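Note sheet for the following structure.
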Amino acid sequence: MGTFKRGVVRKLPSLWTDVEALARLALSDQIAEKTLVESRSDPAPRIAGAFPSFRQREEFEIHSAESPARVVSGDYSDCFMVSESTLALVMADVSGKGAAAALMKGVTRSVLRNLSSCSNSPGETLTRVNRVLVEAELGSMFVTVFLGWYEIASGMFRYANAGHPLPYLFEPGGRVRAFGDVTGPILGILEQERYEEAQEGIGVGDRLVLYTDGVTEARSPEGGFFGHSRLMRFLAKNGSRPPARLCDLLMRSVDQFQAGRRQDDATLMILHRKR
């Protein structure tokens, strides 16, 4: 399979086009559960960190955190440059949990990174990623993805959202609001001719909070959900904190809410526009 950008044909590496290998992931969950010891009652540790490539950037700060429900996670966050002036941000959630979801996560991450390098927009990238996953016939497995391209100098943010929870934007005055819209269905299930995209501006001092549904759908021992209202209240109170601290506090709040018994992977990524 070739891809086109500015009239140039690129041959994708065989990993991205090995549909049979992708399809086998749909059947791997039972095998994975037998070969990987995973605890349902003892929570896995939080994993947090900055992206090393961007620690010294003066224009923005970015940080992420992950709380796997088991030993490995099907969630992932990622960021990388798609041009000298544009930063790509990814928040994704593979259906299911455990080793099979983690394997699918790794493939999706690699496919998305590769196709971003030869696409002209977030919408075009997700259209191509979806085509690969649909051809793989993954059965009930699917992926939700929020993919944004952030113009560092202007703060303009182009994005495509494949069935993923809407991010939140914290503004310096303390206002918290949902950011953007869903622009297409989840990846890997339906043939989609084109994924639409949209754009919004991010102002100086704003913090964009991306997350997976393991945050809002975390359950208390009594069965209640952490929910969007609670998340918005938390951000309104703590949103001005540095991204690293904000990630840590939010993950701790979610853990405390569900008394440490994680039923789903939870992942965060926070972008702070500094200037």
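The values are calculated or read from the model by the stated rules, or taken from the named source; none is laboratory data. Quick caveat, the model's predicted, so the values are computed rather than measured. Glycine gets a Cβ as well: all are built from the backbone with ideal geometry, and neighbour counts include every protein chain shown.
Listed values, structure above:
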item	result
Considering residues of segment 182-235 that are modelled with pLDDT under 95 and aliphatic (A, V, I, L, M) only, the residue farthest from Arg252 (Cα to Cα)	Leu190
Boolean, Leu210 is surrounded by fewer than 20 Cβ atoms within 10 Å (Cβ to Cβ), under 17 Å from Ala162 (Cα atoms) and touching a residue at least 40 places away in the same chain (Cβ under 8 Å)	no
Residue satisfying all of: in segment 187-244; assigned to a loop (DSSP other than H, G, I, E, B) and of a type in the set (Lys, Arg); nearest to Ser67 (Cα to Cα) among these	Arg241
Options Ser83, Ser110: the member that is under 29 Å from Glu151 (Cα atoms), without any contact (Cβ under 8 Å) to a residue 12 or more places away in the chain, of a type in the set (S, T, N, Q) and out of contact with any Ser or Thr (no Cβ under 8 Å at 6 or more places or on another chain)	Ser83
Some residue of segment 166-175 being in contact (Cβ under 8 Å) with a residue 24 or more places away in the chain, surrounded by fewer than 23 Cβ atoms within 10 Å (Cβ to Cβ) and over 30 Å from Ala259 (Cα atoms)	yes
So Val182, is it surrounded by fewer than 22 Cβ atoms within 10 Å (Cβ to Cβ), in contact with a Leu (Cβ under 8 Å, 6 or more places away or on another chain) and assigned to a loop (DSSP other than H, G, I, E, B)	yes
Condition met for Phe226 (farther than 23 Å from Val94 by Cβ, touching a residue at least 24 places away in the same chain (Cβ under 8 Å), buried (at least 17 other Cβ atoms within 10 Å of the Cβ) and in contact with a Ser or Thr (Cβ under 8 Å, 6 or more places away or on another chain))	no
Top-ranked residue in segment 261-275 [being surrounded by 15 or more Cβ atoms within 10 Å (Cβ to Cβ) and of a type outside the set (D, E, K, R); ranked as nearest to Arg219 (Cα to Cα)]	Ala266
Strands (runs of 3 or more DSSP E) completely within segment 39-127 that count 2 or more residues being modelled with pLDDT under 95, surrounded by fewer than 22 Cβ atoms within 10 Å (Cβ to Cβ) and in contact with an Asp or Glu (Cβ under 8 Å, 6 or more places away or on another chain)	47-50
Residue in segment 240-260 that is surrounded by 14 or more Cβ atoms within 10 Å (Cβ to Cβ), among the hydroxyl-bearing types (Ser, Thr, Tyr) and in contact (Cβ under 8 Å) with a residue 40 or more places away in the chain present	yes
